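Asks: The structure under discussion is supplied below as structure tokens; questions concerning it will follow.
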Amino acid sequence: MPVKNYVLWFEEADWRDKKLLGGKGASLAQMTQLGLPVPPGFLITTEACRDFYAAKRAEIDSLERELRRNPPPQVRDEIIKRIWSLIDQCDLPKGLMDSVREHMKELERRTGKKFGSAEGVPLLVSVRSGAALSMPGMMDTVLNLGLNDKSVIALARATNNEWFAYDAYRRFIQMFARIVLALDEKPFAQAFDAKSEQFAREAETTYRDELEAIRKVYPEYAPRLDAQPPRDLAPRMWQRSLELIKELVEEYKALVKKMWGEFPQDPYVQLELAIRAVFRSWMNPRAIFYRIANNITPEMADCTAVNVVTMVFGNMGWDSGTGVYFTRDTASGENRPYGEFLPNAQGEDVVAGIRTPLNLEELRKRMPNVYNQLIEAGKKLEALNKDVMDIEFTIERGKLYFLQNRAAKMTPLARVRTAVEMAKEGIITKEEALLKVDPEQVRRLLYPTIDPKVKATPIAKGLPASPGAASGQVVFDPDTAVEWAKQGKRVILVRVETKPDDVHGFYAAQGVLTSRGGFTSHAAIVARAIGKPAVVGAEAIRIDYDRRQFEVNGKVVKEGDWVTIDGNSGSVYLGELPTVTPEIGGWLDELLRWADEVRKLGVRANADVPEDAMMARKFGAEGIGLLRIERMFRRPERLEALRKVILAETDEEREAHMRELADMIKPDFKEMFEIMDGKPVVVRLIDPPLHEFLPAGEELLAQIYELRERKAKAEAEGRASEAAELQRKIEEVERLYRRVKALQEANPMMGHRGVRVGVTYPTIYYHLTRAIAEAAAELIKEGRHPVVEIMIPQVAEVNEIRFVKNNAVLPALQDVERRYGVKLDVKIGTMIETVRAALTASEIAQEVDFFSFGTNDLTQATFSFSRDDVENKFMAQYLDKSILSFDPFDRLDEKGVGRLVEIATKEGKQANQRLEVGVCGEHGGDPASINFFHGAGVDYVSASPFRVPVARLAAAQAAVREKLGIKGPVGE
């Protein structure tokens, strides 16, 4: 069997094939082929990773499904151990290391350096992960690989910088131990902190004169062991820090020997172990959790590539550095260079938030030529990739190198603004702009902000890393965040700095607060990616993990105390502050206008109260697709009147009570029609089972027993009149109890509800229709333009519609027309929510003006599921066991429920060419479902008010996808 070609040079790889090369490898290939300065290197394809896992894939996949259930930390850790034990049994694909060795020999030739050499200039490489989709910080990378006890001396000699060489070796051992050997990082961190603190103390005392000399030139300098002191300004400090780093190298090697064995000196052993570790990192718990949380399927990204890249060093002195450059501001979307630069540092220092970086303006001042080269290349990459770019770079002794580019993670505001402005600039088309914005980002853009009327003083200030305001109880570790969230608590995750292993806490928390880090720190990037408010770099906060508290300006905040963070301003407040919802405007308004120009689906809102109707209209709804009449019965006097209707024992009695109830609710209809003046309002006649409006039988029994006890006591104490009154009440409650018992049904959701109520009690539907019609008639006489549609629910047989139309709805409309002297143009339709209605749509369509699919009940009927019971008892297991790939109540089941929608729409329109078809279930606000409805011939969807903007964009994207022939799942 021939050996597969797993290894490709950056110059030869097709950078468009991200699934094979991974995102990072594709970007390195792209930049190399554009002629940008990229360190020489090659990549190992994702196919090699898949083949690495092949022998144990089934067992690993089974354990991954267990992790999807979000088990307790102890169980989770045990599963991870089992997964890694299986990975340890995996072998690298046949011939892979032979090919890697050949490429390393050629890399030596290209660079003029020798891998692991004790002579000349040693070749060092980074070994980097990279999946097809960006998963920031979720997988592993190893830097400075190739260093050993001999090559570190050669590196020092070649660079004439012994400090730099031993700092690189120190970093490599620590990283290799943590990532490749999977050793506990805590002893290494403690050893470093001890040495760094010792150096800081000595700098402030023994070397005070040199420290002051440095700060005159570099005001931002702080004495840390990982930042090289300028040798020319502080030779003694430089020498002392070198001594401490050398001591630290020996301590690190001793720790490795104690915990694993001798630190490997053979560079090819290091390289093979590192490649295995990068493959293994695809199954890191944080990577698994990230894929689950972001719905990343194997079709979208399956395994990681490995990139072997010649090392360039940002920590070779103060003419070196590392940074991240975004071609536009990822918080506001403004078209300006944005990013951070850290002089005399490696990339891990920026991402980890270990040191506070400088902004790019500082780079422009210090190295104007490098800055201009960086900006020019960024704009070239932006135009080629048609997106805002996130570019990692390193400067080694004044020379710029590009290490990666990828589409930037942005706030929802920035995503919308950049899409609109890039279309106006001609970089992308309007259609491409519409596809750039995830509809869920539109929803996030409507996140609440702190009410400006609130007078509150922040206790701390940080960087506004991810927008939105959030309140919660303080927790200090991700596991506690998950545990408290499971209990229904809202939490804010507070950390000094976050690490990739904290990601499960991000998803559980309402927001994230850190005391260190910048806009490109791990906390900021992940929070923006998942839409969580975040404030980072709030340096005034002093966190004490052991005491489970933080202190700021004399105030102590303990775990469980409430705080509010404002990701829009960077402010942190004590307590829970009220929030307000922002207005749609500016770039979002323009993007949605573009969406309205191309979408074929109409978008209405589900709204039952005036506040919802006003919100829907503000968000661009073209009408109300579902007004649930039963929501008007919540007021006590109305509920009492409805109960009298239900409990009436004669038609006359029921008629009188129904007339009274209709008069009560007519003003509500009038207000709703007035708000939506000129736009259609679909009113659904009463739908739920009648017993839902009555007291529970258990409650009535408890009342009867209590009344009997009070009566017995009154009789014993000789209070005859009181006893007689109590007896009257007992008889009244007993009658009510008997009536409730008589109305009880074995399966009420399939019993006396919806149209069946209209058939058995036509007077109920008559007076509800009368109230609707009178409200419309009064508005017409006032010069308004109500557009009213009446919907009959739960229909399964066409004769049900004929009966209620002829015996309730049409008579009521005719009576109101005569009484008010107006002509009412009211459409009559039905809710398609039973399987039989969908299958007999051609008959039903001839009796109605419109269909509206109630996809919630239709899903229940199709699956024979009771939604509440299913979701409480076994839906999670169905998803865990892959019986279902998604919850059909969240996303439309296209094969089953969707098939019914297609049949009913097609046959209904064939039978009645004027038939209008809508969707008013929750699926009307789900982008994937909307894409299906677009193709099924539906005329409009109706969603909750806050999802109206989402639906407008999703409907436009469906039209664009159809026009451009884009297939596959929505979101790819």
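Asks: Taking Glu392 as the residue in question, decide whether it is under 30 Å from the mean Cα position of the chain (by Cα), outside the structural domain of Ala131 (by the TED database) and more than 30 Å from Ile214 (Cβ to Cβ).
Replies: So Glu392 does not fit the description; no.
Asks: Follow-up. Condition check: more than 26 Å from Ala837 (Cα to Cα), not acidic (Asp, Glu) and not assigned by the TED database to the domain that holds Glu660. Does Ala720 satisfy that?
Replies: yes
Asks: Moving on to the next point. State all residues of region 802-844 that are among the small types (Gly, Ala, Ser), within 23 Å of Arg659 (Cα to Cα) and either crowded, with 17+ Cβ neighbours inside 10 Å or outside the structural domain of Leu768 (by the TED database) (or both); if no residue qualifies, say none.
Replies: Ala808, Ala812
Asks: While we're here: Residue under question is Lys186, and the condition is that it be over 30 Å from Ala301 (Cβ atoms), assigned by the TED database to the domain that holds Val38, without any contact (Cβ under 8 Å) to a residue 12 or more places away in the chain and not aromatic (Phe, Trp, Tyr); does it hold?
Replies: For Lys186, the condition - over 30 Å from Ala301 (Cβ atoms), assigned by the TED database to the domain that holds Val38, without any contact (Cβ under 8 Å) to a residue 12 or more places away in the chain and not aromatic (Phe, Trp, Tyr) - is not met.
Asks: Here's another thing I want to ask about it. What number goes with the only condition from (1) over 21 Å from Ser99 (Cα atoms); (2) touching a residue at least 12 places away in the same chain (Cβ under 8 Å); (3) open to solvent by less than 30 Å² (accessible area, probe 1.4 Å) that Ala29 does not pass?
Replies: (1)
Asks: Hey, Pro219 hits all of (1) under 42 Å from the mean Cα position of the chain (by Cα); (2) in contact (Cβ under 8 Å) with a residue 40 or more places away in the chain but one; which does it fall short on?
Replies: (2)
Asks: Follow-up question, since we're still on this one. From the list Ala928, Ala876, which residue is small (Gly, Ala, Ser), out of contact with any Leu (no Cβ under 6 Å at 6 or more places or on another chain) and closer than 26 Å to Glu590 by Cα?
Replies: Of the residues listed, the single one that is small (Gly, Ala, Ser), out of contact with any Leu (no Cβ under 6 Å at 6 or more places or on another chain) and closer than 26 Å to Glu590 by Cα is Ala928.
Asks: What number of residues within region 47-97 are open to solvent by 80 Å² or more (accessible area, probe 1.4 Å) and over 15 Å from Lys881 (Cα atoms)?
Replies: Count: 9.
Asks: With a cut-off of at least 3 residues that are open to solvent by 20 Å² or more (accessible area, probe 1.4 Å), name the strands (runs of 3 or more DSSP E) lying wholly within region 530-613.
Replies: Hits in region 530-613: 542-544, 555-558.
Asks: Restricting to region 352-362, and then to whatever is surrounded by fewer than 24 Cβ atoms within 10 Å (Cβ to Cβ) and not basic (Lys, Arg), can you tell me which residue is modelled with the lowest pLDDT?
Replies: Ile354
Asks: Here is a further query. Looking at Glu497, Glu559, can you tell me which residue is at pLDDT 95 or above and out of contact with any Leu (no Cβ under 9 Å at 6 or more places or on another chain)?
Replies: Glu559
Asks: Can you tell me how many residues in region 487-499 are touching a residue at least 24 places away in the same chain (Cβ under 8 Å) and surrounded by fewer than 22 Cβ atoms within 10 Å (Cβ to Cβ)?
Replies: Total satisfying the criteria: 3.
Asks: Further question: Let me spell it out: the conditions are (1) open to solvent by 20 Å² or more (accessible area, probe 1.4 Å); (2) within 22 Å of the chain's Cα centre (by Cα); (3) at pLDDT 90 or above, and Gly971 meets all of them except one. Which number is the exception?
Replies: (3)
Asks: Let me ask something else about it. Does Pro298 satisfy being of a type outside the set (D, E, K, R), over 30 Å from Gly378 (Cβ atoms) and without any contact (Cβ under 8 Å) to a residue 40 or more places away in the chain?
Replies: yes
Asks: Across region 309-336, which residue is farthest from Trp163 (Cα to Cα) among those that are in a strand (DSSP E or B) and more than 32 Å from the chain's Cα centre (by Cα)?
Replies: Within region 309-336, the match that is farthest from Trp163 (Cα to Cα) is Val309.
Asks: Can you name the residue in region 667-681 that is aliphatic (A, V, I, L, M) and closer than 11 Å to His785 by Cα and is also most open to solvent (accessible area, probe 1.4 Å) among such residues?
Replies: Looking at the filtered set, the residue picked out is Ile675.
Asks: Any idea which of (1) outside any helix (DSSP H, G or I); (2) open to solvent by 40 Å² or more (accessible area, probe 1.4 Å); (3) of a type outside the set (D, E, K, R) is the one Gln473 doesn't satisfy?
Replies: If we test Gln473 against (1) outside any helix (DSSP H, G or I); (2) open to solvent by 40 Å² or more (accessible area, probe 1.4 Å); (3) of a type outside the set (D, E, K, R), just (2) comes out false.
Asks: Report whether or not Glu106 is surrounded by fewer than 15 Cβ atoms within 10 Å (Cβ to Cβ), modelled with pLDDT of 95 or more and within 22 Å of Pro40 (Cα to Cα).
Replies: yes
Matching residues to (1) in a helix (DSSP H, G or I); (2) surrounded by 20 or more Cβ atoms within 10 Å (Cβ to Cβ):
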| site | (1), (2) |
| --- | --- |
| Arg659 | yes, no |
| Ile665 | yes, yes |
| Val683 | no, yes |
| Glu692 | yes, no |
| Glu699 | yes, no |
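Asks: Within region 395-416, count every residue that is open to solvent by 40 Å² or more (accessible area, probe 1.4 Å) and under 20 Å from the mean Cα position of the chain (by Cα).
Replies: Residues flagged as open to solvent by 40 Å² or more (accessible area, probe 1.4 Å) and under 20 Å from the mean Cα position of the chain (by Cα) within region 395-416 amount to 4.
Asks: Could you say which residue among Val249, Val217 is open to solvent by 60 Å² or more (accessible area, probe 1.4 Å), out of contact with any strand residue (DSSP E or B) (no Cβ under 9 Å at 6 or more places or on another chain) and β-branched (Val, Ile, Thr)?
Replies: Val217
Asks: Which one of the conditions (1) among the aliphatic types (A, V, I, L, M); (2) surrounded by fewer than 24 Cβ atoms within 10 Å (Cβ to Cβ); (3) modelled with pLDDT of 95 or more; (4) closer than 26 Å to Phe853 by Cβ does Met749 fail to meet, given that it meets all the rest?
Replies: Result: Met749 fails condition (3) only.
Here's the yes/no breakdown for (1) among the acidic types (Asp, Glu); (2) modelled with pLDDT under 95; (3) within 30 Å of Gly22 (Cα to Cα); (4) under 46 Å from the mean Cα position of the chain (by Cα):
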{"residue": "Gly120", "(1), (2), (3), (4)": "no, yes, no, no"}
{"residue": "Leu123", "(1), (2), (3), (4)": "no, no, yes, yes"}
{"residue": "Ala132", "(1), (2), (3), (4)": "no, yes, yes, yes"}
{"residue": "Met138", "(1), (2), (3), (4)": "no, yes, yes, yes"}
{"residue": "Thr141", "(1), (2), (3), (4)": "no, yes, yes, yes"}
{"residue": "Leu145", "(1), (2), (3), (4)": "no, no, yes, yes"}
{"residue": "Ile153", "(1), (2), (3), (4)": "no, no, no, no"}
{"residue": "Ala158", "(1), (2), (3), (4)": "no, yes, no, no"}
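Asks: What residue, of Gly620, Gly625, is assigned to a loop (DSSP other than H, G, I, E, B), open to solvent by less than 50 Å² (accessible area, probe 1.4 Å) and either touching a residue at least 60 places away in the same chain (Cβ under 8 Å) or in contact with a Cys (Cβ under 9 Å, 6 or more places away or on another chain) (or both)?
Replies: Of the residues listed, the single one that is assigned to a loop (DSSP other than H, G, I, E, B), open to solvent by less than 50 Å² (accessible area, probe 1.4 Å) and either touching a residue at least 60 places away in the same chain (Cβ under 8 Å) or in contact with a Cys (Cβ under 9 Å, 6 or more places away or on another chain) (or both) is Gly620.
The values are calculated or read from the model by the stated rules, or taken from the named source; none is laboratory data. These numbers come from a predicted model, not from an experiment. Using ideal geometry, Cβ is built from the backbone for each residue, glycine included, and neighbour counts are taken over all protein chains shown. Each accessible area value is taken on the protein alone, full model and side chains, heavy atoms only, with ligands, DNA and RNA left out. Shrake-Rupley method; radii C 1.70, N 1.55, O 1.52, S 1.80 Å.
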